[in-house]
Amino acid sequence: RRGVPVIDRDIDVALADIADDSYDTVVLSRVLQTMLRPENVLQHMARVAERMIVSVPNFGYYPNRLRLLGGRMPISKEIPYAWYNSPNLRFTTLTDLEDLFDHLGLVIDRRFTYTQSGRRLRMSGRVPNLMAGAAVYVLRPAGRVR
């Protein structure tokens, strides 16, 4: 209603139909782990926009790790499904995700990490990989300057 174009299609295939540099910003909120081909989706996002915002649950959060050590799949506020009814196809830690960003030539301009209760963490380096329940990334393709 306000003139903002919204596309409601299967993102695993729909991004190929969008022209290069069509958008200023594209947002992928809490669904990257449900994608069949997340690397393909991220490459297309980088092609169609100069900035990308990606939010994800962190499967490397220490309570998730402890639950795995206890022989159970993690269930939490960020991962609220049992293994048999989960839409999640991919299970990544923040470290693994950041390695994928680097592999695809995506620069992390900002990373925001959050606790399970939504409180912002003020940590850097690899510590949020254990302490954050979720993260939000602001990314751009390596060749583009902010």
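The values are calculated or read from the model by the stated rules, or taken from the named source; none is laboratory data. None of the values given here were measured: they were computed from a predicted structure. So basically every Cβ, Gly included, is an ideal-geometry build from the backbone, and we count neighbours across all protein chains shown. These area figures cover heavy atoms from the full protein model, side chains too; ligands, DNA and RNA do not enter into them. Shrake-Rupley method; radii C 1.70, N 1.55, O 1.52, S 1.80 Å.
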Item to check | Residues satisfying the stated conditions in the stretch 115-146, i.e. of a type in the set (Gly, Ala, Ser), within 28 Å of Tyr23 (Cα to Cα) and more than 15 Å from the chain's Cα centre (by Cα) | outcome: Ala142, Gly143
Checklist outcome for this item: Taking the stretch 7-46 and keeping residues closer than 18 Å to His103 by Cα, open to solvent by 20 Å² or more (accessible area, probe 1.4 Å) and free of Cβ contacts under 8 Å to residues at least 40 places away in the same chain leaves Arg37, Asn40, His44
Next on the checklist: Residues to consider are Phe101, Phe91, Phe59, Phe112; find the one that is under 17 Å from the mean Cα position of the chain (by Cα) and part of a helix (DSSP H, G or I).
Outcome noted: Phe101
Checklist entry - Out of the stretch 108-117, which residues are more than 21 Å from Met52 (Cα to Cα) and in contact with a strand residue (DSSP E or B) (Cβ under 9 Å, 6 or more places away or on another chain)? => result Thr115, Gln116
Checklist entry - If you scan the stretch 118-146, which residues turn out to be under 24 Å from Pro74 (Cβ atoms), open to solvent by 80 Å² or more (accessible area, probe 1.4 Å) and without any contact (Cβ under 8 Å) to a residue 24 or more places away in the chain? => result Arg119
Item to check | Matching residues, the stretch 1-51, being over 15 Å from the mean Cα position of the chain (by Cα) and among the basic types (Lys, Arg) | outcome: Arg1, Arg2, Arg9, Arg47
